[in-house]
Each structure stands twice: as structure tokens, then as C-alpha cells.
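Derivation of every value follows stated rules applied to the coordinates shown; laboratory data play no part. What you see is a predicted model, and the numbers here were worked out from it, not measured in a lab. Ideal geometry is used to build each Cβ from the backbone, glycine not excepted, and the neighbour counts take in all protein chains shown.
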Amino acid sequence: MSIWKVLDKVREFVVYDADKEFYAKVFPDSVERKDLMRLRRMRHEDLPLILQIEAKNYNFPWSEAIFKDCMNSMHYSCWICEELDVIVGYSIVSMAAGEAHIMNINVDPAVQGQGVGSKLLEHMIEVARKKAESIFLEVRPSNKAAIALYEKRGFNEIGIRKGYYPAENGRREDAVMLALELVNLF
């Protein structure tokens, strides 16, 4: 196996550039905060913090069992975003039959609007690009910040799923369906 293939395998588990951390210390204004965030594969020991973030953001959060199923499936890619060794967000994408589907992108409310969601989304797109021609997701119409992020990255609305999300008082909320065509270079 060539050294480049080995490096690609290592990058699958941790995405981080130590040079940026060095430059941030020496030249503080030379590196954006987003560039100092580390991405790595989700681990089972991360679940307590993931579940806390999930509960902060959703009235109907995913269960621990759902996260475990995603981490144990070969068709899912599950990632954590850390800042100073603290989990600030996570994302999960499924891939099969030439399509990818972003299942969950979630950012701790204390750091929302600071580039974590954007970093996770960009990474999910790059992960999906290796195995898929298109990437899809659903989002609540009430989540205007997420919709703006997805549209900024090039996602387009392709439809509405009626009554997709659970809502308060036993009601249901629609989901906006978005898609992005990926250009495979390989």
C-alpha cells in the first residue's frame, strides 16, 4: 500500500491540520476559528455528550439506540466536531446505491452560528462525494438558519414531506426536502 493510501485511511478517522494550530498560536489573526475545529469519527463513549446536545436542540431527540445503530452500520458515516477537546457538534450521513442522505447535523446551542454546522456540512459533502452522485436531507421549515446554511452551500428544494416531524401537542410539522448534485472526480 502506498504512503498516500495510508494517509487517506488516517484522514478517514481524524480530519485536522496541526499546522493551523501552530499558526494560530504564533499569528492569532492568521487562522479562522472554524479551521481549528477537529473532526473525528464518532465513538460510543461520545454518546452521553451527544445525547445532551440532542436534548438541548430537539423536543423529540434521537435515542441512544438510534445513534448506536448508526455507528454500527457500515452504510453510515458518523462524525464529531471538537473544539479544545470539547464536543461542539456531530453529523451523520448514510450512503447507499449512489445516494447519500444527511440524517443529522447538530450543534451545541452555545456555539451555533460560529461555523460548526458549516464545517460539519462541508465534511459530510466530501465524505458523500466519494460514494454518491447526490446528497439529500430534510429540514423543518421553521429552522431558517439551517435552511440558509444549506442553500448557501448549493442545496435546492426538491419537495415537501407532509407531517414528517413530530411537533408539540401531538401535531406534525412538514419537512422541506433539499438535494445537492455531487460531481464525482474519480
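Quick notes
- In this rough spin-label picture, where each label sits 7 Å from Cα along the Cβ direction, the residue 114-residue 58 distance is 2.3 nm.
- The overall shape of the range 105-145 is oblate: from the C-alpha gyration tensor, with semi-axes ordered a ≥ b ≥ c, the ratio a/c is 1.5 or greater and a/b is no larger than b/c.
- Order of 183, 88, 111, 127 under a 10 Å beta carbon neighbour criterion, fewest first: 183, 111, 127, 88
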